[in-house]
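Presented below is the structure to which this report refers.
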Amino acid sequence: MKYRIVLLFDNSDKQKIIDLNKQINQGINPDIIFNSTCIPHITLASGYLKHDIETVNNVIQNSIYLLTTPILETTTLEYSDDGEWLFINVAKTNDLENFIVNLRQNLTSCFDMSERRKTHITIAKSKCLQNRNNLIKNLQIPKEINVSGVAIGVSGEYGTLVNIEKFFKIKTNKK
């Protein structure tokens, strides 16, 4: 079974991503529809367990302290090379990059990971995505996205997250 380790959005921003997905999917044949078994997220790592899930959970628990801010800046909308995927790119920050690098390094002994891609939020997937180009050009994407924590769950078709096995809340330095 393939797993994903992801950043999850707070409820408000999760709903914004779901709403963007609904707008784009209207009138086309979508491959991804966000719902209770297709959860919007930012993938940090995906792959197969080499050990039990508790070992991976311990690595996440011991790395999450490096993620000190729940606010991520978004940059641009981007299509995949084949035009079938639409992403919102997430700006690199030292905080986020240090967390991801540390997490992935510490997972190597217990998690057989796929290659890392640019940090992004998948918004839609469809062979008909180009038919929505005028709408997509005018979408209002959030300038920032708030994440509530890191989770591990089962990976579904097209890199979706179909459930959450364990959730780790981000503890910020705010008082």
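For the range 21-58, what are the residues that are touching a residue at least 60 places away in the same chain (Cβ under 8 Å), under 22 Å from GLY83 (Cβ atoms), open to solvent by 20 Å² or more (accessible area, probe 1.4 Å) and of a type in the set (Val, Ile, Thr)?
Those that are touching a residue at least 60 places away in the same chain (Cβ under 8 Å), under 22 Å from GLY83 (Cβ atoms), open to solvent by 20 Å² or more (accessible area, probe 1.4 Å) and of a type in the set (Val, Ile, Thr): ILE28, THR43.
Answer yes or no: is there a residue in the range 39-58 that is in contact with a helix residue (DSSP H, G or I) (Cβ under 8 Å, 6 or more places away or on another chain) and acidic (Asp, Glu).
No: zero hits.
When you scan the range 78-93, do you find a residue that is among the hydroxyl-bearing types (Ser, Thr, Tyr) and out of contact with any strand residue (DSSP E or B) (no Cβ under 9 Å at 6 or more places or on another chain), even just one? Steps first, answer last, please.
Start the filter on the range 78-93 by keeping residues that are among the hydroxyl-bearing types (Ser, Thr, Tyr), which leaves 79-80, 93.
Remaining after also requiring out of contact with any strand residue (DSSP E or B) (no Cβ under 9 Å at 6 or more places or on another chain): none.
No.
Given (1) outside any loop (DSSP other than H, G, I, E, B); (2) surrounded by 15 or more Cβ atoms within 10 Å (Cβ to Cβ); (3) touching a residue at least 40 places away in the same chain (Cβ under 8 Å); (4) touching a Phe, Trp or Tyr at 6+ places or on another chain (Cβ under 9 Å), where does ILE18 come up short, assuming only one miss?
(3)
The values are calculated or read from the model by the stated rules, or taken from the named source; none is laboratory data. Note that the coordinates shown come from a computational prediction; the quantities given were computed from them, not determined experimentally. Cβ sites come from the backbone with ideal geometry, for glycine too, and all protein chains shown count toward neighbours. Side chains are part of the model used for accessible areas, which takes the heavy atoms of the whole protein and leaves out ligands, DNA and RNA. Shrake-Rupley method; radii C 1.70, N 1.55, O 1.52, S 1.80 Å.
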